[in-house]
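Values quoted throughout were computed directly from the atomic coordinates according to the rules given, and no laboratory measurement underlies them. Treat the numbers as computed from the prediction; the structure is a model and nothing was measured. Note that we place each Cβ from the backbone using ideal geometry, even for glycine, and neighbour counts take in every protein chain shown.
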Amino acid sequence: MKMLRIISYAGLVAVAIMLLVAMCAILEDSVISHRAHRQELTGSTLSSPGLDHFS
């Protein structure tokens with residue numbers, strides 16, 4: 001019975017880690033697309049240090 005509890009907690013930890021990795025990937029993709037959209041609007045490939053909030 002104790003082994004089943006340990007296995008279930010390990011499974012929950014694995015699911016939590018997978019969700020964290022997925023959220024980080026989604027956030028990174030969002031930041032990349034935001035930067036690309038901002039550069040498209042300004043027509044510049046150089047970013048201003050004062051306006052770059054994600055670096």
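With R₀ set to 30 Å, the beta-carbon distance separating K2 from E28 gives a calculated FRET efficiency near 0.15. Listed peptides 17-28, 1-12 appear in the order 17-28, 1-12 once ranked by packing, highest mean of other Cβ atoms within 10 Å at the front.
Label sites at V15 and E40, each approximated as a point 7 angstrom past Cα along Cα to Cβ, lie 3.7 nm apart.
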